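*Asks:* Before anything else, here's the structure in question.
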Amino acid sequence: MSVKLCTLLLLALLWKVAVPISFRYHRYTELIQALYDVHNACPYISRIYSVGRSHQGRHLYVIEFSDHPGIHELLEPEFKYIANMHGNEILGRELLIQLSEFLCEEYRNGNQRIISLIQNTRIHIMPSMNPDGYEVAADQQGPDTNGYLTGRNNFKDVDLNRNFPDLNMVMYYNEKNGGPSDHLPLPDNWKEQVEPETLATILWMDSYNFVLSANLHGGAVVANYPFDKTKDFRSRGYRRMTSYTATPDDKLFKSLAMTYSYSHGWMHHGWNCGDYFPNGITNGASWYSLSKGMQDFNYLYKNCFEITLELSCNKFPREEELEREWFGNREALITFIEQIHKGIKGMVTDENNNGIANAVISVAGINHNIFSGEGGDYFRLLLPDTYTVTVSADGYYAKTANVVVGPDEATVVSFNRGAVIRGVEQKFHLGPGGLEVSLPHWQTPIL
C-alpha cells in the first residue's frame, strides 16, 4: 500500500472520530450521544458517569476529564460545572456540551494549555441537572414562544435552586449564639425534604472533594457570588429583601466573579439585558434574596467555592445564536477552571506518611475553614498575600505557618505530624496500601 494511500486512510479515520463543536440544541438522547462521541474520541482522558436519576428516570450524566479518569490524584484539585438546573435556561447546557467537545479536540490537537489543564485538574461537567424540565421547555417553549417559566421547575414543579437545605439560617443563628460557620450538618430528615435531582447532587458533593464550581443559568448576563440569602435585616419594622451579604471570603469571591466577567466577551461591560451590574458582577443577596440555593449550600456544607453565572438575556436563545455565545464564553469557561490552582495546597500526614482526613485548615482573619480530603490533601483558595495558616487534627498538636501566596500557581505547604514541609508539588495516587508515592526526600521540615 502506498504511503499516500496510508496517509489518506489515516486522515479519514481521524475525521471519523473528530468531535467538532456543535452549534445546535440537544434533546436528552442527543445529549447522551454527544457526550459519548466525546468519550469515544478521547477515551484515555474522559469518563462518563451518572450521579442519579430525575423524577422521570432520566440520568444526570457527568463527563469527567483527567489524565487518570476515575481516580483522585492527591494534590490534584476537583472542579465542577453544572448547568440547566432550571430546565428552560438552555444556554449553559449547550455551552457545557461545547466545552466538552473543545477540551477533547484541543487535547488531541496538542494545545499545551488544555493538556496542562487536564493533566493537573480533575474536571467534572454536568450539562443538565434538570433533564425533565428541559424536555418540557423544548416541547412547549422553544425560542419562538413566550413561556418564560415553562420547564423551569422539575417534573414535580419544584424549583431546584430553592430546594437545598437552608444552611444560611443555621449559620446566622450560630453567629449570634456561637457555633461553626462552615461544614454545617444537615437536618436528620433532609433526604425526605429534597427532590431526587437535589439529592443526587448533594450525594455527588459528598463523593468528591470539590474545590471550585460554577452553576450556569440564563435570564441575565452577570457573575453572581455568595451569599444569595440576606440576613433578616429590618428597618423601621419592614423587612429588607435585598442587602449586600458578604461571606468571610468576599474578596476572593469578587475576584472569581471578576475573572469570569472580564474573560467573557461582553459581561464586564455592565449594561446587559436592560440591567446594569458594575464590572458585570453582583453579590447575590444585593440583587435579590434567595433561600435554599445551591451556591450558598456549597460554601456552607463542603470545601467548595461556587458562583452562579447568568449567561444570556433570553433563557432559550435561538439556535443561530449559539455560535456567538460559545465564542463569547469560551475563554471565560477555561480561565475560570484555571483559578482552582490559586492559593495554597498540600498534604496533612502522620509519622508514616499516611494521609490524615478531615484535618482543619484555618486562615487567620478569614472565618471559614476547609478540611483535608480522604487521602490527606487539602486545597485553600486565597488571593495573593501573606497568611497565617493553622492545621489541626484530632490526636495531633496544631501547627501554624506563615505562608506567602503569589499570583500564579498554588503555594505547596504540607504538614507532617506537627512539622511544616515546604516544596514543589509531588503527585500522589491512592493505592490499596495507602499512598504510593511519598514526599520528596529533599523537602526540609521547618520545626
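So that you can scan it fast, the table gives a plain yes or no per residue for (1) surrounded by fewer than 22 Cβ atoms within 10 Å (Cβ to Cβ); (2) under 18 Å from ASN298 (Cα atoms); (3) without any contact (Cβ under 8 Å) to a residue 60 or more places away in the chain:
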site: PHE102; (1), (2), (3): yes, no, no
site: GLU105; (1), (2), (3): yes, no, no
site: ARG108; (1), (2), (3): yes, no, no
site: LEU117; (1), (2), (3): yes, no, no
site: MET129; (1), (2), (3): no, yes, no
site: ARG152; (1), (2), (3): no, no, no
site: PHE155; (1), (2), (3): yes, no, no
site: ASN189; (1), (2), (3): yes, no, yes
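*Asks:* Same structure, new question: Pairs please, first residue from segment 400-426 and open to solvent by 20 Å² or more (accessible area, probe 1.4 Å) and at pLDDT below 65, second anywhere and hydroxyl-bearing (Ser, Thr, Tyr) and not in a loop (DSSP other than H, G, I, E, B), Cβ atoms under 8 Å, 6+ apart in sequence or on different chains.
*Replies:* GLY423/SER414
*Asks:* Does GLU76 meet the test of being modelled with pLDDT of 95 or more and in a strand (DSSP E or B)?
*Replies:* Details: modelled with pLDDT of 95 or more: yes; in a strand (DSSP E or B): no.
No.
*Asks:* Please name all residue pairs, on different chains or six or more residues apart, with Cβ atoms under 7 Å, provided the first residue is in segment 246-262 and is touching a residue at least 24 places away in the same chain (Cβ under 8 Å) and surrounded by 21 or more Cβ atoms within 10 Å (Cβ to Cβ) and the second residue is part of a loop (DSSP other than H, G, I, E, B) and of a type in the set (Ser, Thr, Tyr).
*Replies:* Close Cβ pairs (under 7 Å, with a partner that is part of a loop (DSSP other than H, G, I, E, B) and of a type in the set (Ser, Thr, Tyr)) amount to PHE253/THR247.
*Asks:* Here are LEU96, LEU75, LEU35: which of them is out of contact with any helix residue (DSSP H, G or I) (no Cβ under 8 Å at 6 or more places or on another chain), open to solvent by less than 10 Å² (accessible area, probe 1.4 Å) and over 22 Å from ILE307 (Cβ atoms)?
*Replies:* On the way: LEU96 fails: over 22 Å from ILE307 (Cβ atoms); LEU35 fails: out of contact with any helix residue (DSSP H, G or I) (no Cβ under 8 Å at 6 or more places or on another chain).
Matching residue, one of LEU96, LEU75, LEU35: LEU75.
*Asks:* Within segment 360-371, is there a residue that is polar (S, T, N, Q), modelled with pLDDT of 95 or more and farther than 24 Å from TYR301 by Cα?
*Replies:* Step one: of segment 360-371, the residues polar (S, T, N, Q) are 362, 367, 369.
Now restrict to residues that are modelled with pLDDT of 95 or more: 362, 367, 369.
With the extra rule that they be farther than 24 Å from TYR301 by Cα, the set shrinks to none.
No: segment 360-371 contains no residue that is polar (S, T, N, Q), modelled with pLDDT of 95 or more and farther than 24 Å from TYR301 by Cα.
*Asks:* With the requirement that a residue be assigned to a strand (DSSP E or B), over 15 Å from ASP250 (Cα atoms) and open to solvent by less than 10 Å² (accessible area, probe 1.4 Å), what does segment 352-384 give you? Let's see the steps before the verdict.
*Replies:* Going residue by residue through segment 352-384, those that are assigned to a strand (DSSP E or B) are 355, 360-363, 366-371, 377-380.
Applying the additional criterion that residues be over 15 Å from ASP250 (Cα atoms) yields 355, 360-362, 370-371, 377-379.
Selection gives ILE361, ILE370, ASP377, TYR378.
*Asks:* A further question follows. So the check is Cβ under 8 Å with 6+ separation or different chains; which pairs have a first residue in segment 64-75 that's under 13 Å from SER207 (Cβ atoms) and a second one that's aromatic (Phe, Trp, Tyr) and outside any loop (DSSP other than H, G, I, E, B)?
*Replies:* GLU64/TYR49
Conditions (1) more than 30 Å from ASN279 (Cα to Cα); (2) part of a strand (DSSP E or B); (3) open to solvent by less than 20 Å² (accessible area, probe 1.4 Å); (4) in contact with a strand residue (DSSP E or B) (Cβ under 7 Å, 6 or more places away or on another chain), marked per residue:
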site: VAL136; (1), (2), (3), (4): yes, no, no, no
site: VAL158; (1), (2), (3), (4): yes, no, no, no
site: VAL170; (1), (2), (3), (4): yes, no, no, no
site: PRO180; (1), (2), (3), (4): yes, no, no, no
site: HIS183; (1), (2), (3), (4): yes, no, no, yes
site: LEU186; (1), (2), (3), (4): yes, no, no, no
site: ALA200; (1), (2), (3), (4): yes, no, yes, yes
site: ALA214; (1), (2), (3), (4): no, yes, yes, yes
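*Asks:* Is it true that VAL391 is outside any loop (DSSP other than H, G, I, E, B) and in contact (Cβ under 8 Å) with a residue 40 or more places away in the chain?
*Replies:* On the way: outside any loop (DSSP other than H, G, I, E, B): yes; in contact (Cβ under 8 Å) with a residue 40 or more places away in the chain: yes.
In short, yes.
The values are calculated or read from the model by the stated rules, or taken from the named source; none is laboratory data. Bear in mind that the values here come from a model prediction, so they are computed numbers and not experimental data. Here Cβ is always computed from backbone atoms with ideal geometry, including for glycine, and neighbour counts include all displayed protein chains. Heavy atoms of the whole protein, side chains included, go into the accessibility calculation; ligands, DNA and RNA do not. Shrake-Rupley method; radii C 1.70, N 1.55, O 1.52, S 1.80 Å.
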